[in-house]
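One structure is given here, and the rest of the page talks about it.
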């Protein structure tokens, strides 16, 4: 297995796509965001990142790289939580017409994925798996190729 191009995704200060109900979010640095919420329910989406956005509506650029529907990728989460396995990543893939084309859950902070062939855009969600506090650093997506 050879690793190709790699991208780091950070939690930007645009909080519209963050869970805000009762949450305290502190932006200490680009790669150090502290999230606290004693009442957040398990399964709640804490933060979302998109590969395609409506700039007119959101006034932000896409946070995720464009990926190839035929490629394989590795995703890893760099965050510290208590308990250690209290976060999940959900990838949702969309076709050209914004209909869901598939999804995948990543447990234990990292895993491999391959998007469906008809993927046009995708979204990454940070899901609460039972934590009330976390320090988020980054998500890394790395292209994976087979050795020749």
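A few points about this structure:
- Odd one out for residue 75, checked against (1) within 19 Å of residue 141 (Cα to Cα); (2) within 15 Å of the chain's Cα centre (by Cα); (3) modelled with pLDDT under 95: (3)
- For the range 112-126, a tally of residues being more than 14 Å from residue 51 (Cβ to Cβ) and buried (at least 18 other Cβ atoms within 10 Å of the Cβ) returns 1.
- Residue satisfying all of: in the range 40-61; on the phi < 0 side of the Ramachandran plot and without any contact (Cβ under 8 Å) to a residue 60 or more places away in the chain; surrounded by the fewest Cβ atoms within 10 Å (Cβ to Cβ) among these: 56
- Meets criteria (closer than 30 Å to residue 26 by Cβ and modelled with pLDDT under 95) for residue 69: no
- Residue 85 touching a residue at least 40 places away in the same chain (Cβ under 8 Å) and either assigned to a helix (DSSP H, G or I) or within 22 Å of residue 146 (Cβ to Cβ) (or both): no
- Extreme residue, nearest to the chain's Cα centre (by Cα), among residues of the range 98-114 that are outside any strand (DSSP E or B) and closer than 18 Å to residue 77 by Cα: 109
The values are calculated or read from the model by the stated rules, or taken from the named source; none is laboratory data. Here the structure is a predicted model, which is why all the values come from computation and not from measurement. So basically every Cβ, Gly included, is an ideal-geometry build from the backbone, and we count neighbours across all protein chains shown.
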